[in-house]
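Down below is the structure, laid out as structure tokens.
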Amino acid sequence: FAEAPANTDAHPAQIRLEPVPISLQSPFTGEFTVETAAPLAVQEVRLELRVIADVSVSGGHHEEIIVWRGGLEAASQTFGGALTRHPFRADASGAWLPSVDLPHGKARGQFHVILALAWEPDIHYVRDVALATTTEL
């Protein structure tokens with residue numbers, strides 16, 4: 001789906017990504033929509049496209065690889081409040097691991113929006129996303 005909920009208990013949100021699946025050879029666009037009870041004092045708003053690789057054979061391995069990192073501008077270091085859409089553009093070129101499920105392991109994509117707060121735990125919004133090596137079929 002292009003848009004999916006990425007809720008935390010206190011701050012419901014939606015993360016929209018286009019095209020879906022994300023091609024690792026082409027730029028993609030997105031939109032983060034969030035509403036909070038009051039504006040939050042943030043240090044930064046990070047965007048990350050991650051690949052989570054799990055090996056399920058004996059002595060397996062788990063790794064999270066950040067294949068793209070970006071950010072959103074936070075006006076005067078405050079973010080949130082009324083329902084607001086925050087568009088962004090990204091390019092994950094150079095990433096090499098598409099979504100795959102094999103008998104001995106799997107690789108999955110996730111998109112994270114992280115609100116970095118001073119002296120408090122960061123707020124993470126996460127949605128799963130399919131990653132492809134091309135848009136040509």
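The values are calculated or read from the model by the stated rules, or taken from the named source; none is laboratory data. This one's a predicted model, so the numbers in the text were calculated from it and none came from an experiment. Backbone-built Cβ (ideal geometry, glycine too); neighbour counts: all protein chains shown. In case anyone asks, the SASA skips ligands and DNA or RNA and just uses the protein heavy atoms, side chains included. Shrake-Rupley method; radii C 1.70, N 1.55, O 1.52, S 1.80 Å.
With 5 Å bins beginning at zero, the pair-distance distribution over Cα atoms of the stretch 35-137 amounts to 2, 11, 18, 20, 15, 12, 10, 7, 4, 1, 0 %. Annotation: amide H of Ala6 within the under-5 Å range of Ala13, Gln14, Ile15, sequence separation 5 or more or interchain, hydrogens built in the peptide plane.
Annotation: extensible slack from Ala82 through Thr134 equals 15.0 nm (criterion: 0.36 nm per residue apart, minus Cα-Cα distance).
Taking other residues whose beta carbon is less than 12 angstrom from the beta carbon of Gly70, and scoring Lys, Arg as +1 and Asp, Glu as -1, yields -1. Accessible area per residue for the chain, computed on protein heavy atoms with a 1.4 Å probe, is 57 Å². Here the peptides 121-127, 109-115 are ranked by packing, the mean other Cβ count within 10 Å, and the order with the highest first is 109-115, 121-127. Surface composition of the chain: carbon plus sulfur atoms hold 54% of the accessible area, using a 1.4 angstrom probe and ignoring ligands, DNA and RNA.
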